[in-house]
Amino acid sequence: MNTSQQNSIATVRAYIDGTPYRVELEDDLAHAWSSDMTSEQGGGNAGPTPKHLLLSSLGACTAITLRMYAARKQWPLEAVDVELHFDPDGKPASGTELRRRIVLHGPLDDSQRERLLQVANACPIHKVLTGEVRIATSLAADTGA
């Protein structure tokens, strides 16, 4: 990884055109993926919905953070399963409920499992989702023809 990649600000570009609800996404690391709405919502079901993308971010961060921590401690964590649900009991009166269930595979003792639960609750995306988030939005001029 070069120095500019190490110091870059995570950037994603989302683009939608004439295909109903299908969004093409790309990041500053040259990854590309799509998002869409389900067929029932008028989309083509060609990719995960925005809610699924949000859950995937938390799931990936949780699994990666646990794997990194266990490796650093040389603990016998063999695999991690993270299952996530968005408003599993329906839309609450206020806010949003994300439910996360973690299965740790490997011969870990109870104290290691408890510590890994604490680590999961401190993963970077968990901190973002449970902390204060500010979104600065602006409009830019259309430079196209």
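So, in segment 116-140, how many residues would count as being in contact (Cβ under 8 Å) with a residue 40 or more places away in the chain and in a helix (DSSP H, G or I)? Don't jump to the end; show me each part of the working.
If we filter segment 116-140 for residues that are in contact (Cβ under 8 Å) with a residue 40 or more places away in the chain, which is where we start, we get 116, 119-120, 122-126, 129.
Among the residues that remain, those that are also in a helix (DSSP H, G or I) are: 116, 119-120, 124-126, 129.
The total comes to 7.
Restricting attention to segment 106-145, the residues that are loosely packed, with under 10 Cβ neighbours inside 10 Å and within 18 Å of the chain's Cα centre (by Cα) add up to 5.
Checked against (1) touching a residue at least 12 places away in the same chain (Cβ under 8 Å); (2) surrounded by 12 or more Cβ atoms within 10 Å (Cβ to Cβ); (3) in contact with a Ser or Thr (Cβ under 8 Å, 6 or more places away or on another chain), residue 24 passes all but condition (1). The set of residues in segment 37-49 that are in a helix (DSSP H, G or I) and surrounded by 14 or more Cβ atoms within 10 Å (Cβ to Cβ) is empty. Against the test of being modelled with pLDDT of 95 or more and outside the structural domain of residue 111 (by TED's automatic domain parsing), the options 43, 18, 59 yield a single qualifying residue, 43.
For every residue, the table says whether it meets (1) within 17 Å of the chain's Cα centre (by Cα); (2) part of a strand (DSSP E or B); (3) more than 18 Å from residue 101 (Cβ to Cβ).
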{"site": "8", "(1), (2), (3)": "no, no, yes"}
{"site": "33", "(1), (2), (3)": "yes, yes, yes"}
{"site": "52", "(1), (2), (3)": "yes, no, no"}
{"site": "56", "(1), (2), (3)": "yes, no, no"}
{"site": "60", "(1), (2), (3)": "yes, no, no"}
{"site": "66", "(1), (2), (3)": "yes, no, no"}
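Within segment 3-12, the presence of at least one residue that is farther than 30 Å from residue 104 by Cα, surrounded by 10 or more Cβ atoms within 10 Å (Cβ to Cβ) and either out of contact with any strand residue (DSSP E or B) (no Cβ under 8 Å at 6 or more places or on another chain) or of a type in the set (D, E, K, R) (or both) is confirmed. Among the residues making up segment 82-105, those that are surrounded by 10 or more Cβ atoms within 10 Å (Cβ to Cβ) and in a strand (DSSP E or B) are 82, 83, 84, 85, 86, 98, 99, 100, 102, 104, 105. Listed by first and then second residue, the pairs with beta-carbon distance under 9 Å, at least 6 apart or on different chains, first residue in segment 78-103 and hydroxyl-bearing (Ser, Thr, Tyr), second in a loop (DSSP other than H, G, I, E, B), are 96/87.
Can you find even one residue in segment 63-81 that is among the polar types (S, T, N, Q), under 20 Å from residue 110 (Cα atoms) and surrounded by 11 or more Cβ atoms within 10 Å (Cβ to Cβ)? For segment 63-81, residues among the polar types (S, T, N, Q), under 20 Å from residue 110 (Cα atoms) and surrounded by 11 or more Cβ atoms within 10 Å (Cβ to Cβ): present. Looking at this structure, is residue 67 closer than 25 Å to residue 10 by Cα and modelled with pLDDT of 95 or more? In short, yes.
The values are calculated or read from the model by the stated rules, or taken from the named source; none is laboratory data. Since we're looking at a predicted model, the values are computed, not measured. All Cβ positions, even for glycine, are placed from backbone atoms using ideal geometry, and neighbour counts span all protein chains on display.
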